[in-house]
Each structure stands twice: as structure tokens, then as C-alpha cells.
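Colleague: Sharing a structure with you now.
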Amino acid sequence: MSLWKTCLILCIATVAWATSAQAVPEQQALDALKAVRQKLALNLDPNEISVSGISSGGFMAHQFHVAHSRNLMGAGIIAGGPYNCAQGSVVTALRECTAFGAQATHALLSYTGPGPAPQGQEASPEAIKMATRSYQSTLEMDRAGKIDSPGNILRARVILVHGQSDRLLPEGVMDAVQQYYKMFYKHYGVDDQASTRLRYLKMLPAEHSVPSDNFINLKIGSQINACKTFGSPYLNVCTKDDCANACVSSSNTACSTQCIDAIDTAGEILRYIYNQNPLKPRNDSIKASTSAQSGTPSTVEQNCQKNGETDPRCQWLQERIFVFDQPTIFSNSRQTYLGDKGFLFVPKQCRDNHACKLHIAFHGCEQGYDFPDSTKAVYSKRWSHFVENVGFNEWADANDIVVFYPQARTVTYLAVNPKGCWDFWGYTTNALYPTQQGRQISAVWEMVEALVPNLTQ
């Protein structure tokens, strides 16, 4: 069944139900995560926590930022939409907040969301209308005490990234995210914040993906896609030539600079968020081996050995990626809709009580470790391709950043969530899904609290 047909089935799903083969109770999982923190002697700075995400993970990163803005210093949103965009409706999610429905074989749900900005303007009237709806929804949630005060948003550095060739998340929807943040700058009388706290990169001609410069040397076409290719693993390699072609007819002098900056999206997100303490160059030395290029690398399960030799990248990953149980069931027996496993990338220097930062990275649909049809990790069956190769790890390794990769789970019953997306339309049967009380947001936040016990409440 195609992606689009499967997504359309979501429109008739009215009951969210799931079972877990390895249900992990809430307290048991949190205790296990605390044990990992204690074993590694992690010392994560509560003032240096940031978040990012792609696609459904982009929606989730934005929701997470709004819900917990008091404790987040920055957010990176790749191909995501504005807060509570779907308003609890899967139809709205598929035809207004994304173009999923329009990409179906029979296009049963045409795209009705905002178009690109008219020349000389930042956003179309429809994008401004979408942003206004999200802005008002945020104020309502704030009055109800369901999120942190939106005033905290002003403290964060926010970077938005959108590919010009993206067929699933139209540019107008990303324009609405930009307008959303600007509305809050205006709301609190600090319009000038936009130039210093908000960056929007939308010149790169990438498809729906996390763009990468592929310094790891993954094999294009099987392990990573070309810039304009659509499909798993939704990690695409883009080049300066792609930017030169995209900007050749542009009258925007910033086109080339913005486009090139987005080629290494993971790096640009971390560089922008942590700009007050400029980052060191990423660890460029650990690349995929020749055997990995051929499709038969040494794996973690084989202890990184091949023909009597140790694969350096395999060993590097094995020493830094830690697998832990996520809470799949709350204490009141509700589902969290999380996968039973989550992942931490921990640089060696971030152990033994050395102060480090924390970055939370939300994968997109089809990128979770348990999604059956996704392109698999090059070196391991224990974690996902996204965890292994999205690009954050190499920057984190050089800059004292622990990366937390929470995992959403695939729910095939009644096609509730067959592609393993994060909840941005309400499939968790909780009308408060974009708030602190949302099942996924609250479960992930509990894990953050387990990792950073001295968070300011």
C-alpha cells in the first residue's frame, strides 16, 4: 500500500487503540533511564536544552517548544507546521497543514492550505490566517494553564528550514510558522527580536527530508538520497551545485548564502541555537567504511569486527549510543504511543559529571527504529538510520552535547498511525495533544526530567 493511500485511511480512523508486545510501565522506564544517567554520571545543564524535528517531528518540536518554552533555549523546525494547526482533525492535517492528501493516487483530499508568499512579501494572506489561528490557540492554552507562558518564547533562538522541492509540507505552511513567532514578538512588544532570534532558510531545493552534505560518505541511492529525491530514509544529500542552480535566477542576494547554510541542516540548527557559545568544528574523522559502502559493513551485533579488523565508525557509534526503555504505559494504564526503546548519543567527555548540553531530536514519519519499511541503519539493528546518520552526532561529539532521540511507535490498528508519525492531529485521543498534558509531550518531558533532575519548575 502506498504512503498516500495509507495516510488517507487515517481519515476514517475514529478509535485510537494499541497494544505493545513489550509494554514498559512508566515508573520502571523512568527508573531505568535514571540508572543510565547515574551510571554515566551525566551532568546536563538545565539552561542549555534545545529541541528539533523533521516533518511530524517538526510539528512535535514546535509543539514541544510552545508547551515547555520555560525550559527550552532553542528550537529547530524542519518541514513542520504551526502550533495546533490541525485542531484535532486528521482531515485538516492531511489537506491544510500538509499536502499528504493531495499526493494520494486519486488525490481525494486536495490541498487547501496556504500558498507561497507573493513576491516582495513574507507570507500569503492564507499563511497569516493560519498563523493567527495558531497564535490564538496558544493564548487559549496559556489561559487554561496547559502550556508555559508564551512570553518564554522570546528567550529562544528558533531556526526554520524548508526545501523548495518539498511535496508534502508546502512553503506556505512553513511561512505560517515564521509568522506565528513574529506575532508573539509583536504581542510582547519586541518586534526587533525577529532579526536576532529567528532564522528562516528556504532556498535549498531539497525534497521532504533532513538535508545533509554527506561528509560521512554514505552511498547515494541506497543509504541516503539525492537532494530532490523523495523517499526513505528522508535524509538527502545536497551540494553547492544544487544551490547554484536554485539561485541562478534569483534576485535575492541572500539566496546562495541561505541555501549553502542549509546543506548541513543538523549542524546549522545546533550552530544557530548555541550561537552565544560558538561551536567547535564537527568531528569529521569518523566516516563510513568501504565495507559499509558495499552494503556489508561490520555491525554492532558483530562487535564491529570484519576480517579481523575493527570498523572505526562502527566502534565510535557503539561507544556513544545508548539504548533505553521508554515508558509505553502511564501509571493510569493509558498508552503513551511511544516506542519501547529510545536512544541517547553521549560523547565520552559528557560522562563523569562533566557539564554538557542536551538536544532533543524528533524523527519524522517512517524514521522510527521500529518502522518495518524504512531504510535501516548502516551499522546496527539496535537503532535507526535517523539516530545513526542524521548529522547531529558528529557536531554533538565535538561540542559537549548529549542528543536524546525519543521514538514514536507505529500503530496499525484501524490505521491510527501506520507510518509511525508523532501526534500533530490528535491520534492519541487526547484533545490536549499539543500541551503539557499531551500523552507524547508529557511522556517525553518525563524522560527529560529523568535526565536533567535539576530543571527549574
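The values are calculated or read from the model by the stated rules, or taken from the named source; none is laboratory data. Computed from a predicted structure; not experimentally measured. Virtual Cβ from ideal backbone geometry, glycine too; neighbours counted across all protein chains shown. These area figures cover heavy atoms from the full protein model, side chains too; ligands, DNA and RNA do not enter into them. Shrake-Rupley method; radii C 1.70, N 1.55, O 1.52, S 1.80 Å.
Colleague: Leaving out ligands and nucleic acids, note down the accessible area per residue over the range 26-108 with a 1.4 angstrom probe, in whole Å².
Modeller: With all protein chains present, the range 26-108 gives 29 Å² per residue.
Colleague: Right, another one. In straight Cα distance, which aspartates and glutamates are under 16 Å from K39, not counting same-chain residues fewer than 8 positions off?
Modeller: Within reach: D31, E319, D325, D352.
Colleague: Only bridges whose two residues both fall in the chain count here: according to DSSP, what percent of them are antiparallel, nearest 5?
Modeller: Restricted to the chain, the bridges split so that about 30 percent are antiparallel.
Colleague: Starting from the Cα of K182, draw a straight line to each of the lysines and keep only those under 29 Å, dropping any in the same chain fewer than 8 residues away.
Modeller: List returned: K129, K146, K202, K357.
Colleague: Within the accessible area of the chain, what % is carbon and sulfur when the probe is 1.4 Å and the other protein chains stay in place?
Modeller: Carbon and sulfur: 48 percent of the exposed surface of the chain.
Colleague: Can you run phi through the Karplus equation (6.51, -1.76, 1.60; θ = phi - 60°) for the range 435-449 and list ³J(HN,Hα) in whole Hz, with x for Gly and Pro?
Modeller: Karplus values, whole Hz, x for Gly and Pro: 10, 4, 8, x, 4, 6, 4, 5, 5, 5, 5, 4, 5, 4, 5.
Colleague: Determine, for each peptide in 192-201, 83-92, the mean count of other beta carbons within 10 angstrom over its residues, then list the peptides with the highest first.
Modeller: Answer by packing, highest mean first, reads 83-92, 192-201.
Colleague: Please calculate how many Å² of accessible area the range 150-238 carries per residue, with a 1.4 Å probe and no DNA, RNA or ligand atoms counted.
Modeller: I get 31 Å² per residue for this part.
Colleague: Still on this model: Could you compute how much accessible surface D370 exposes when probed at 1.4 Å, giving the result in Å² to the nearest 10?
Modeller: About 60 Å², ignoring ligands and nucleic acids.
Colleague: Can you tell me how the chain classifies by the Cα gyration tensor, rounded, prolate or oblate, using a/c under 1.5 as the rounded cut?
Modeller: The shape class here is rounded.
Colleague: Let me ask something else. If you count, for each residue, the other Cβ atoms within 10 Å and average over each peptide, how do 230-241, 344-355 line up from highest to lowest?
Modeller: By packing density, highest mean first, the sequence is 230-241, 344-355.
Colleague: Starting from the Cα gyration tensor of the range 28-96, take the square roots of the eigenvalues, sort them a ≥ b ≥ c, and report rounded, prolate or oblate (rounded when a/c is under 1.5, otherwise prolate if a/b is larger than b/c, else oblate).
Modeller: Verdict is prolate for the range 28-96.
Colleague: When ranked by the protection proxy of mean other Cβ atoms within 10 Å per residue, highest first, what sequence do the peptides 141-153, 424-436, 178-190 form?
Modeller: 424-436, 178-190, 141-153
Colleague: Next question, about the same structure. Answer rounded, prolate or oblate for the range 391-457, using the Cα gyration tensor with square roots of eigenvalues a ≥ b ≥ c: rounded when a/c is under 1.5, else prolate when a/b is larger than b/c, else oblate.
Modeller: Oblate shape, in that a/c is at least 1.5 and b/c is the bigger or equal ratio.
Colleague: Suppose all protein chains stay in the model; what accessible area per residue would a 1.4 Å probe give for the range 293-341, in Å²?
Modeller: Each residue of the range 293-341 exposes 46 Å² on average to a 1.4 Å probe.
Colleague: For the range 250-298, compute Rh as the Kirkwood radius over C-alpha pairs and then the Stokes-Einstein diffusion coefficient at 4 °C and 1.567 mPa s; write the answer in µm²/s, rounded to an integer.
Modeller: Answer, rounded: 94 µm²/s.
Colleague: Could you pull out the pairs from K240/K381; K219/K306; K228/K348 whose alpha carbons sit more than 31 Å apart here?
Modeller: Cα-Cα > 31 Å for K240/K381; K228/K348; rest within.
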